Amino acid sequence: MRAYRIAAIPGDGIGKEVIPAGVEVLTKLSRMTNDFRLDFTEFPWGSDFYRSTGALMPEDGLDTLKPFDAIYFGAVGDPHVPDHVTLWGLRLKICQGFDQYANVRPTRVLPGLKSPLTDCPPGKLDWVIVRENSEGEYAGQGGRSHRGHPEEIATEVSIFTRAGVSRIMRFAFELARSRPRKKLTVITKSNAQRHGMVLWDEIAAETARGFPDVSVDKELVDAATVRMVNRPDSLDTVIATNLHADILSDLAAALAGSIGIAPTGNVNPERKYPSMFEPIHGSAFDIMGKGLANPIGTFWSAVMMLEHLGESDAAARLMRAIERVTAERKTLTRDLGGTAGTAAVTAAICSALEQS
């Protein structure tokens, strides 16, 4: 039997509710297939760990995680800890430490769900947003000086390297080639950002020459928001920088019905390090502990994790179970127009697995 070691990091807020739900569903699925086993090890890292130790994760945390086959992550963020401390102390530390340079965010309107767009049935909005995940606007370069004085200075330096842009472009083109429409939209802002984003555009054009079967177009990031709303079916695979894709993917999730359903994978394509899979909804402290969190994004992230591990049949089975539950519309959380809680949705997915 194939066995995989999975590091589970619930993190903060509703992450502590949706990750256990995901572990429950994945454990049931693996036992039903009897083809593979998932061995979970949970790590209590996050803001509570920070309050007791002064760090979001131990100094040797990356060494601890490195032997695992994948990381299943919940959320990070606490109203009593500065956001830049929590994000850089845990999630981004893992992403950059393990060179998870490809952030992949699929988005589509699931069966039974409704987009806030007036004419957007399932199938009309079906995107994958690829986000450069290692440099760009979130490179962590810059600093502050003359603190507290009128002349105080703060700089945040965007970093675009030929190596970093080239590898994410190749990844995006290969992903676009694997999808039926073979279409890629390159998001840019090179009209205003005339150095890094011009390099971005140039490398996109260079890479395109090696993928003649992929249809390519370019869109300014501000115009892209309009296109996502007015012409969702004109997009398929999208490639954008760290900041631009971060923002656009949240809009994409809202247009698909709810940020609560949206998954993501932080991928190291060369598999030198473990990749990390998580919902994109954040810690949502306003509903923490109330049993109201939507676990669909966490389950869909598990689908991505299974695909990454090579368990495509199990991944497809879990996706069918998710779609069965959403299509029936009997067990949906409040953000999707229902009244069910986290436990009820989890139970419904477990039941649907037996029918998928």
Gained length - K114 relative to I153, 0.36 nm times residue gap less alpha-carbon distance: 9.4 nm
Paramagnetic reach from Q141 (point 7 Å along Cα→Cβ, amide N under 17 Å) across the range 173-195: 193-195
In the range 123-170, the trypsin sites (Lys or Arg not before Pro) that fall in loop regions by DSSP, at most 12 other Cβ within 10 Å: R147
Length released on extending from W88 to A205, taking residue separation times 0.36 nm less the Cα-Cα span: 38.9 nm
Max mean-square fluctuation residue, GNM over the chain, Cα-Cα springs under 10 Å, options G142, G310, G289: G142
Convex hull projection area averaged over all views, the range 234-314, Cα basis, nm²: 7.2 nm²
Hits among aspartates and glutamates - C-alpha to C-alpha of K28 under 15 Å, sequence gap 8 or more where chains match: D39, E311, D313, E354
FRET E, pair D250, M1, Förster distance 45 Å, beta-carbon r, rounded to 0.05: 0.70
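What does the extension gain come out to for S234 and T33, with contour length at 0.36 nm per residue minus their alpha carbon separation?
Full extension of this stretch gives 68.6 nm more.
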Relative packing of peptides 319-330, 226-237 - highest average C-beta neighbours within 10 Å first: 319-330, 226-237
Estimated inter-spin distance, E24 and V198, nm [label 7 Å along Cα→Cβ]: 5.6 nm
Highest-fluctuation residue, H244, H84, H308 considered, GNM on the chain with Cα pairs under 10 Å: H84
The chain: calculated mean residue ellipticity at 222 nm from DSSP helix runs of at least 4, using -39500 (n - 2.57): -12000 deg cm²/dmol
Sequence-distant aspartates and glutamates (8 or more away, or on other chains) whose Cα lies within less than 17 Å of K16: E24, E42, D48, D78, E278, D286
At R0 = 35 Å, FRET efficiency that the Cβ-Cβ distance of H80 and D222 yields, to 0.05: 0.50
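Each reported figure results from applying straightforward, stated rules to the coordinates on display, with no laboratory input. Only a predicted model underlies this, so the values are computations on that prediction, with no experimental measurement involved. Note that we place each Cβ from the backbone using ideal geometry, even for glycine, and neighbour counts take in every protein chain shown.
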